[in-house]
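The values are calculated or read from the model by the stated rules, or taken from the named source; none is laboratory data. Since the model is a prediction, treat every value here as computed from it, not as a measurement. No Cβ is skipped: glycine too gets one built from the backbone with ideal geometry, and neighbour counts run over all protein chains shown. These area figures cover heavy atoms from the full protein model, side chains too; ligands, DNA and RNA do not enter into them. Shrake-Rupley method; radii C 1.70, N 1.55, O 1.52, S 1.80 Å.
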Amino acid sequence: MNKIKFSKRYPKLWEQTTAELLAVKDITIDENTNKDLLEYDTKALDGSYYELKKGKYIQLIFLGNKNIPFCTIRSSYGRMGNKKEYYQDKIGELFQIVVSENMDEKN
């Protein structure tokens, strides 16, 4: 099964364990980027934020196993080259949601 990895637990995930990839969109992060989007996408359950530097990214849009949609913003390029092409080929496929952080419940 495909995997989508997160470094921390994020409220937007709603503790979902799998998700279908629905769409892949280009997005630019700069001073005009909607602050609500950045808050939604980068705030972890522990109150910390993942830093998105200015630049070109892709936005992956998923529907989780609880039928709750969420998105995640990822860099456009990586070790495997053009991530947009890679993920576009995966639209409609199921992904396991993997959270690498093992944190204690604070709530």
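Structure notes:
- Segment 58-89, subset touching a residue at least 12 places away in the same chain (Cβ under 8 Å) and among the small types (G, A, S), residue nearest to K12 (Cα to Cα): G64
- Counting only residues that are part of a strand (DSSP E or B), closer than 18 Å to L63 by Cα and in contact (Cβ under 8 Å) with a residue 40 or more places away in the chain, segment 1-28 holds 12 of them.
- Any chance E51 is in contact (Cβ under 8 Å) with a residue 60 or more places away in the chain and open to solvent by 60 Å² or more (accessible area, probe 1.4 Å): no
- Among the conditions (1) under 14 Å from the mean Cα position of the chain (by Cα); (2) open to solvent by 100 Å² or more (accessible area, probe 1.4 Å), G64 misses just one, which is (2).
- Of the residues making up segment 44-58, not one is polar (S, T, N, Q) and closer than 12 Å to S76 by Cβ.
- Filtering T72, T42, T17 for residues that are in contact with a Phe, Trp or Tyr (Cβ under 6 Å, 6 or more places away or on another chain) and either hydroxyl-bearing (S, T, Y) or surrounded by fewer than 11 Cβ atoms within 10 Å (Cβ to Cβ) (or both) leaves a single hit, T42.
- Residue among K35, K25, K5 that alone is open to solvent by 80 Å² or more (accessible area, probe 1.4 Å), more than 15 Å from the chain's Cα centre (by Cα) and among the charged types (D, E, K, R): K35
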